[in-house]
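Student: Below you will find the structure I want to go over with you.
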Amino acid sequence: MLQEDDIQSVQRLNEAYERIIQELGKVIVGQRQVLEELLTALFAQGHCLLVGVPGLAKTLMIRTLASALSLDFERIQFTPDLMPADITGTEVIQEDKQSGTRELRFLKGPIFANVILADEINRTPPKTQAALLEAMQETQVTVGGQGHALPRPFFVLATQNPIESEGTYPLPEAQLDRFMFNIFVDYPTEEEELQIVKQTTAPQDFEISATLDAAEILQLHQIVRRVPVADHVARYAIQFARLTRKDKGEVPDFVRDFVTYGAGPRASQYLVLGAKARAVLNGRYYVSTEDVRAVALPVLRHRIITNFNAEAEGLTSDDIIRRLIETIPRDANEARTSAAVPEIFRSADAR
């Protein structure tokens, strides 16, 4: 449960959140939803995959965010010839000039930073992609049988170009599942694009002010986890994952028709964590079903695998999630009054 000090910290985080958005606005035009989803994942201790066509300032956005949070930043450009040691580091033989003895010394790779930009992560083979798995899950890397702890906080923010397939290596589902959010970066509006052109073709004179530091972020991670969540909100969250598993009980017809594999338990965990972080960022000490709906798309879109029928109908995982949002009742009243809702939803509140 939240203590008095935690409540004050929630208020400070809400104020810091607005300042961070203002600082990012000095460089990034528009993309408010993307920035909100990025910050939600970061304060929930999650990693993000940003998907968008080239030229949408994904790299600039991540670099600026690291500056606003006063965190160490490293960019790794993923290429077909990149090796795991180029990311994690390697052991080298070093000679002591006085004694003449030689010993192995570990040279840290670029992954030893707070914020890692894995640029175009799908351009490197699976062997190198897998070098991130232990780091993302355990916050450490193992080289030569020796574990090396990574600095905290630690975030992997990867980018991916969705329109190219030649010379790319799609991320396996096991690695995609390590990313808390899959964030879609869309084109700017006409007015935003006009502002981008004017801003980037004129002399630029701005300075990003640090809003939070690493110690404060680590403290806020714990506060987010201590935010209470009501049973009906938690049950609402897990329905999003459970109702995508077509071979496990009663599911909506559109899931049975268009989904091959559904989301696992990690989706339920991230839905609740993301909802908690969103509530705290907005200055609230409780989680609502609206918070869960707000994070449903970035949490689930890379965890639902659609089938050929969906492809033939032009449906994506986003369409499936939006139908679930419309289908799953938000509260007991809606569960009782919605005739379109299957019995499983109406009985869930009574159990």
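Student: In whole Hz, with x marking every Gly and Pro, tabulate ³J(HN,Hα) for the stretch 133-144 from phi via Karplus 6.51 cos²θ - 1.76 cosθ + 1.60, θ = phi - 60°.
Tutor: Per-residue couplings from phi come out as 4, 5, 4, 5, 8, 10, 6, 7, 10, 10, 10, x Hz.
Student: Which value, in Å to one decimal place, does the Kirkwood hydrodynamic radius take for the stretch 229-348 when every pair of different Cα atoms is included?
Tutor: Taking the inverse mean of 1/r over all distinct Cα pairs, the stretch 229-348 comes out at 14.5 Å.
Student: Which of Gly46, Gly145, Gly89 moves most in a GNM of the chain, Cα contacts under 10 Å?
Tutor: Gly145
Student: Please state, rounded to one decimal and in Å, the Kirkwood hydrodynamic radius that the chain gives when every pair of distinct Cα atoms enters the mean of 1/r.
Tutor: Answer for the chain: a Kirkwood hydrodynamic radius of 22.0 Å.
Student: Which far-off residues, 5 or more places away or on another chain, put their amide H under 5 Å from the one on Val143, with H placed in the peptide plane?
Tutor: His148
Student: Scan around Thr306 for amide H atoms under 5 Å from its own, H built in the peptide plane at 1.01 Å from N, and keep only partners 5 or more places away or cross-chain.
Tutor: Amide H neighbours of Thr306: Thr260.
Student: What list of ³J(HN,Hα) values in whole Hz, one per residue of the stretch 113-121 in order, does the Karplus curve 6.51 cos²θ - 1.76 cosθ + 1.60 (θ = phi - 60°) give from phi, with Gly and Pro shown as x?
Tutor: For the stretch 113-121, the Karplus-derived couplings read 8, 6, 10, 10, 8, 8, 6, 6, 4 Hz, x marking Gly and Pro.
Student: Taking 0.36 nm per residue of sequence separation and subtracting the Cα-Cα distance, how much length would be gained by fully extending the chain between Ala174 and Lys248, in nm to one decimal?
Tutor: Result for the pair: 24.6 nm of gain on full extension.
Student: Longer than 28 Å from Cα to Cα, which of Lys108/Lys276; Lys58/Lys198; Lys58/Lys276; Lys127/Lys246 are they? Say none if no pair is.
Tutor: Exceeds cut-off: Lys108/Lys276; Lys127/Lys246.
Student: Here is a follow-up. Within 10 Å, at most 16 other Cβ atoms, and a DSSP state outside H, G, I, E, B define an exposed site. Report the longest part of the chain free of exposed GluC sites (Glu not before Pro).
Tutor: Here the longest segment lacking exposed loop sites spans 1-163.
Student: Where in the stretch 1-99 are there trypsin sites (Lys or Arg not before Pro) that are in a DSSP coil and have at most 12 other Cβ atoms within 10 angstrom of their Cβ?
Tutor: Lys97
Student: In the Gaussian network model of the chain, springs joining C-alpha atoms below 10 Å, which of Asp81, Asp213, Asp205 carries the largest mean-square fluctuation?
Tutor: Asp205
Student: Follow-up question, since we're still on this one. Return the distance in nm (one decimal) between the two label points of a simple spin-label model at Arg105 and Glu190, each offset 7 Å from Cα along Cα→Cβ.
Tutor: 6.1
Student: Further, regarding this structure: Per residue of the stretch 88-97, in order, report the coupling 6.51 cos²θ - 1.76 cosθ + 1.60 (Karplus, θ = phi - 60°) as ³J(HN,Hα) in whole Hz, putting x for Gly and Pro.
Tutor: With the stated coefficients, the stretch 88-97 comes to 7, x, 8, 9, 10, 8, 10, 9, 7, 5 Hz.
Quick note: the coordinates plus some simple rules give every number you see, no bench work behind them. The structure presented is a predicted model; accordingly, all values stated were derived computationally and were not measured. Please note: Cβ atoms are built from the backbone with ideal geometry, for glycine as well, and neighbour counts cover all protein chains shown.
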